[in-house]
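The values are calculated or read from the model by the stated rules, or taken from the named source; none is laboratory data. These figures come from a predicted structure and were not determined experimentally. Counting neighbours? That spans all protein chains shown, and the Cβs are built from the backbone with ideal geometry, glycine included.
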Amino acid sequence: MVVKSEQTGERPETVEIAGTDVWLRRGISEGEREEQGGEGGSVKVKVFTYEELHFTDPTGELTVEGAKADFDTVWAAHEADGMSMEEQIASLQQQVADSQAALLELGDIVGGE
């Protein structure tokens with residue numbers, strides 16, 4: 001599994017499956033970039049920026065429709081696939097800290113402070 005930022009000239013599919021290889025893409029946004037054109041000029045080209053997660057499904061049972069229907073769960077299930085134990089622990093610690101901060105904020109909202 002690798003989560004990385006990508007840029008392409010064509011709008012990518014949110015879910016792509018080829019055999020046992022699966023690509024999930026989120027946060028797809030459209031923008032423009034200037035590139036060198038002919039005769040010293042420049043041209044604006046359309047680019048799509050997004051996060052991409054790639055993993056293999058050894059069972060081959062995951063479908064495009066299934067992945068789209070449960071996208072966030074599938075992403076979360078494979079986001080840590082390639083992480084070392086230390087990276088997984090750090091990620092979990094950050095999630096706990098984020099949850100605690102959110103609970104404290106909710107407490108302030110409910111408590112009226």
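Scanning the stretch 20-50 for residues that are touching a Gly at 6+ places or on another chain (Cβ under 7 Å) and over 16 Å from Lys68 (Cβ atoms) yields a total of 6. Just one of the listed residues (Phe55, Phe48) is modelled with pLDDT under 90 and within 15 Å of the chain's Cα centre (by Cα), and it is Phe48. The residues listed here are Gln36, Gln88, Gln100; of these, the one that is more than 22 Å from Gln7 (Cα to Cα) and surrounded by fewer than 11 Cβ atoms within 10 Å (Cβ to Cβ) is Gln100. Taking the residues in the stretch 1-23 that are without any contact (Cβ under 8 Å) to a residue 60 or more places away in the chain and of a type in the set (A, V, I, L, M) as candidates, determine which candidate is surrounded by the most Cβ atoms within 10 Å (Cβ to Cβ). It comes out as Val22. Report yes if some residue within the stretch 25-41 is touching a residue at least 24 places away in the same chain (Cβ under 8 Å) and not charged (D, E, K, R); otherwise report no. Yes, that holds for at least one residue. Taken as a whole, the condition of being assigned to a helix (DSSP H, G or I) and either surrounded by 10 or more Cβ atoms within 10 Å (Cβ to Cβ) or touching a Lys or Arg at 6+ places or on another chain (Cβ under 9 Å) (or both) does not apply to His54. Restricting attention to the stretch 47-63, the residues that are under 10 Å from Val22 (Cβ atoms) and free of Cβ contacts under 8 Å to residues at least 12 places away in the same chain add up to 0. Checked against the criterion of being under 29 Å from Val22 (Cα atoms), without any contact (Cβ under 8 Å) to a residue 12 or more places away in the chain and of a type in the set (A, V, I, L, M), the candidates Ala101, Ala76, Ala97 yield just one match: Ala76.
Within the stretch 61-99, can you find the residues that are in contact with a strand residue (DSSP E or B) (Cβ under 8 Å, 6 or more places away or on another chain) and part of a helix (DSSP H, G or I)?
Val64, Ala67, Lys68, Phe71, Val74, Trp75, His78, Glu79
With respect to (1) surrounded by 13 or more Cβ atoms within 10 Å (Cβ to Cβ); (2) among the charged types (D, E, K, R); (3) modelled with pLDDT under 90, the lone exception for Arg26 is condition (3).
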